[in-house]
Amino acid sequence: MYENKALILGIESSCDETSTAVMRGFDVLSHVVYSQLVHSKYGGVVPEIASREHERVIREVCDESMNRAHCSYEELQAVAVTYGPGLMGALLVGLNFAKGLSLALDIPLITVNHIEGHLYAPFIQFPDLEPPFLCLLVSGGHTMIIDVEDIAKFRILGTTLDDAAGECFDKTARLLGIGYPGGPVIDRLARSGNAKAVRFPRPLMGPESLDFSFSGLKTAVLNHVRKAGPVSEAETADIAASFQEAVVDTLLEKIDRSVNVTGRERLVLAGGVAANSLLRARMQALADARSLKLYYPPLEYCTDNAAMIAATASLYYEKGHFAELSVQAVPNLRLG
């Protein structure tokens with residue numbers, strides 16, 4: 001379907017990971033991620049530190065990608081970069097570096113909406129995937145259901161009214177004192193816990209709603225932890241499993257309703273929380289039960305990464321969607 005095989009360097013620096021990838025079409029020639037582990041001691045991302053870390057390593061990370069891909073900068077046909085949403089300082093580092101490469105190499109600059117990058121991440125493994133499809137996008141900053149009618153043409157059917165699911169995972173992990181980032185830690189711990197031990201709320205489950213709200217769930221976990229006092233390792237695992245079950249139940253109910261609304265036969269699961277083992281298993285069970293086809297990225301392309309940015313740019317390159325060097329970073333960029 002997609003014929004473009006341009007050699008593109010992708011750059012992602014919207015939050016706390018500096019990532020670069022060299023791709024030819026949807027073929028990943030190299031993929032490098034520098035994770036800023038310095039934030040773990042703060043229990044969350046410190047924006048100023050993130051910006052400085054991006055600035056310190058971005059040239060080195062780009063050079064590493066080029067070396068692993070066994071190609072030179074002069075061979076590139078375009079450079080792609082996230083321009084929003086994200087932390088302003090972090091976005092500026094990546095965007096300005098990409099602008100410099102575009103100018104110096106005289107190649108097109110392709111700016112990519114970070115959320116849209118997640119939407120198209122499954123193309124890396126499934127290059128024959130075509131719209132229309134229904135996407136459940138679940139990450140630290142976003143939780144939404146998107147009806148993708150075509151490339152760069154979509155409708156948001158539901159979104160979070162407060163906290164994103166991934167953010168709720170992080171805050172719950174902090175409450176339990178089990179580490180950061182919360183998603184992988186809770187996923188591991190929940191495997192040894194009893195998901196029926198605590199009945200946490202499933203918010204906004206009215207029959208007409210496709211939106212999400214996780215702030216009440218977060219508060220319920222806080223109240224339970226305060227009431228319980230010091231808990232054993234087994235009890236912590238039970239809380240983690242019960243919390244995770246509540247999140248996944250909510251997500252599955254809303255995506256099931258969205259299938260009824262749209263009639264789509266293809267489902268995409270994307271975003272950092274798409275790496276959650278329970279969510280993957282439950283989504284697959286839903287797809288099987290309704291005779292739907294489910295697509296999701298490999299684990300390494302679920303969280304923030306430059307491969308999804310380069311993959312999206314490959315689609316844009318084919319359509320001739322290039323950016324001017326005057327383009328600005330947009331920290332609160334919306335989809336559509």
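What to note about this one:
- Verdict on L279 being at pLDDT below 95 and part of a helix (DSSP H, G or I): no
- Scanning segment 318-336 for residues that are modelled with pLDDT of 95 or more and either in a helix (DSSP H, G or I) or in contact with a Leu (Cβ under 6 Å, 6 or more places away or on another chain) (or both) gives A323, A329.
Here's the yes/no breakdown for (1) over 26 Å from R202 (Cβ atoms); (2) assigned by TED's automatic domain parsing to the domain that holds T159; (3) part of a helix (DSSP H, G or I):
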residue: E235; (1), (2), (3): no, yes, yes
residue: I239; (1), (2), (3): no, yes, yes
residue: V248; (1), (2), (3): no, yes, yes
residue: R264; (1), (2), (3): no, yes, no
residue: L267; (1), (2), (3): no, yes, no
residue: M283; (1), (2), (3): no, yes, yes
residue: A310; (1), (2), (3): yes, no, yes
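To keep it simple, each residue is scored yes or no on (1) closer than 30 Å to V46 by Cβ; (2) surrounded by fewer than 21 Cβ atoms within 10 Å (Cβ to Cβ); (3) among the hydroxyl-bearing types (S, T, Y); (4) touching a residue at least 60 places away in the same chain (Cβ under 8 Å).
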site: F133; (1), (2), (3), (4): no, no, no, yes
site: V138; (1), (2), (3), (4): yes, no, no, yes
site: G166; (1), (2), (3), (4): yes, no, no, yes
site: D170; (1), (2), (3), (4): yes, no, no, yes
site: D187; (1), (2), (3), (4): yes, yes, no, yes
site: G206; (1), (2), (3), (4): no, yes, no, no
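- The set of residues in segment 220-233 that are exposed (fewer than 15 other Cβ atoms within 10 Å of the Cβ) and part of a helix (DSSP H, G or I) comprises L222, N223, R226, K227, A228, E233.
- Test: residue in segment 55-67 that is crowded, with 17+ Cβ neighbours inside 10 Å, of a type outside the set (A, V, I, L, M, F, W, C), modelled with pLDDT under 95 and more than 12 Å from L9 (Cα to Cα): yes
- Breaking point among (1) at pLDDT below 95; (2) under 25 Å from F126 (Cα atoms); (3) of a type in the set (S, T, N, Q); (4) surrounded by fewer than 16 Cβ atoms within 10 Å (Cβ to Cβ), for T303: (4)
- Single residue of segment 169-212 satisfying the filter (in a helix (DSSP H, G or I) and among the acidic types (D, E)) that is modelled with the highest pLDDT: D187
- Top-ranked residue in segment 89-144 [being among the hydroxyl-bearing types (S, T, Y) and closer than 23 Å to T159 by Cα; ranked as modelled with the lowest pLDDT]: S139
- The numbered conditions (1) closer than 20 Å to S209 by Cα; (2) in a strand (DSSP E or B) are all true for D163 except (2).
- Hey, T160 buried (at least 17 other Cβ atoms within 10 Å of the Cβ), β-branched (V, I, T) and touching a helix residue (DSSP H, G or I) at 6+ places or on another chain (Cβ under 7 Å) or not: no
The values are calculated or read from the model by the stated rules, or taken from the named source; none is laboratory data. Since the structure is predicted, the reported quantities are computational estimates derived from the model, not experimental observations. So basically every Cβ, Gly included, is an ideal-geometry build from the backbone, and we count neighbours across all protein chains shown.
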